[in-house]
Amino acid sequence: RMDTAELEDGSSSAACYDTGFGQNGTEKASLVMLVRNSELREALSSIRMIEDRFNRRFHYPWTFLNDKPFTDDFIKYTSGLASGPVEYAVVPEDNWSVPSHVNTTLMRAEMLRMAREDIIYGDSLSYRHMCRFNSGFIHNQEVMRKYDWYWRVEPGIQFYCDVDYDPFTFMRENKKVYGFVISMYEFKGTITTLWDKTRQFHLGNGDYNLCHFWSNFEIASLEFYRSEAYSTYFEFLDSTGGFFYERWGDAPVHSIGVGLFAPKDSIHHFADFGYSHPPCSRCPQDDESHTSGRCLCNRNKNFDTDSYSCLPRWWKVAGINRGTE
Ligand code: GDP
Ligand code: MN
């Protein structure tokens, strides 16, 4: 059904296929994966699961992003699994490089210090590019402009339950901005001054409890990320160099941004989704999801109630009386 010879390539970084079958979802939305060529196997596994559990009925497009050109093999195998159109794009250089206002000597010194202190990814420059990209640039990529919503998918995740409704439609109709599955505490050492900087930008009081939505899964409004409020916030954060001197994750940045600029009831926990991104999993707890075969996951492996989970705090804030979920 697809011919890689159709790749209208040449120098172009993006190629688009249209598989042209089935009934398509009706939202301006895409499944989006930022991924390295070396992660092909893990990417295929994620795509297979999201397709089987959801997208085979909706045929939403997949958008693959990379800081380097995708290999022919990557394109061949990933497009083979997608039930919707696929698009591949290379991230522009200035969305994936150290901005000139950053003092690279200081940055290198801080990276060495963080390595000595065993701070996770503390000495990785590419990880910093990735976090900054996901915080401030992904929603403005040329290939993303046509979309209002994205579902962020990472290589190597597991997706355990059928989703037989359109979550993008759900988000739009219920005026949701941000959807998540797992929430947890951030390592303080990666965001030492993020909250101070945030308060400089947006006068406010109180402390940050380090809770964030785990952004390797996100179903979110791209319009929100493109909004004046969020964009200005990102630009301010970027101007401080904190993505490089520290190691600010896109998860706390997105979470604080959503917390500050989106109404509380526009945040949605997809309690009906079963999901795993090592080392954490969560699984719907209600009997029906399991007896119907809708979900296939171990109900005891559920991060929701782990001591490191922020979901109990979320339930409190959102006024959710925890029943079966
Ligand atoms: P973790 O989930 O925080 O442990 O970080 P990952 O290594 O999974 O990276 C998060 C996401 O960014 C995944 O989708 C990766 O495939 C992607 N990613 C991370 N680093 C790079 C990189 O240097 N290049 C590209 N193209 N993708 C990256
Ligand atoms: Mn990951």
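Details
- Residues that are closer than 23 Å to CYS211 by Cβ, buried (at least 22 other Cβ atoms within 10 Å of the Cβ) and not aliphatic (A, V, I, L, M) were ranked within the range 147-175; the one that is farthest from ligand 2 (Cβ to nearest atom) is PRO167.
- Scanning the range 135-149 for residues that are in contact with a His (Cβ under 6 Å, 6 or more places away or on another chain) and within 16 Å of ligand 1 (Cβ to nearest atom) turns up nothing.
- Just one of (1) at pLDDT below 95; (2) touching a Cys at 6+ places or on another chain (Cβ under 7 Å) fails for GLY204. It is (2).
- When ALA229, ALA251, ALA220 are checked against the criterion of being in contact (Cβ under 8 Å) with a residue 12 or more places away in the chain and more than 19 Å from ILE182 (Cα to Cα), a single residue qualifies: ALA229.
- Pairs where the first residue, in the range 179-196, is touching a residue at least 24 places away in the same chain (Cβ under 8 Å) and the second is among the polar types (S, T, N, Q) and surrounded by fewer than 22 Cβ atoms within 10 Å (Cβ to Cβ), C-beta under 8 Å, 6+ apart: ILE182/SER309; SER183/SER309; MET184/SER309; TYR185/ASN209; THR193/THR240
- The set of residues in the range 29-71 that are within 17 Å of the chain's Cα centre (by Cα) and among the charged types (D, E, K, R) comprises ARG36, GLU39, GLU42, ASP67.
- Residue within the range 124-144 that is surrounded by fewer than 18 Cβ atoms within 10 Å (Cβ to Cβ) and among the hydrophobic types (A, V, I, L, M, F, W, C) present: yes
- Meets criteria (touching a residue at least 60 places away in the same chain (Cβ under 8 Å) and closer than 19 Å to SER221 by Cβ) for ILE119: no
- All positions within the range 27-66 that are away from ligand 1 (no atom under 16 Å from the Cβ), over 11 Å from VAL153 (Cβ atoms) and hydrophobic (A, V, I, L, M, F, W, C): ALA29, PHE58
- Members of the range 200-234 that are β-branched (Val, Ile, Thr) and surrounded by 19 or more Cβ atoms within 10 Å (Cβ to Cβ): ILE219
The values are calculated or read from the model by the stated rules, or taken from the named source; none is laboratory data. Please read all numbers here as calculations on a predicted model, not as lab measurements. Every residue, glycine as well, gets a Cβ built from its backbone with ideal geometry; the counts of neighbours run over all protein chains shown.
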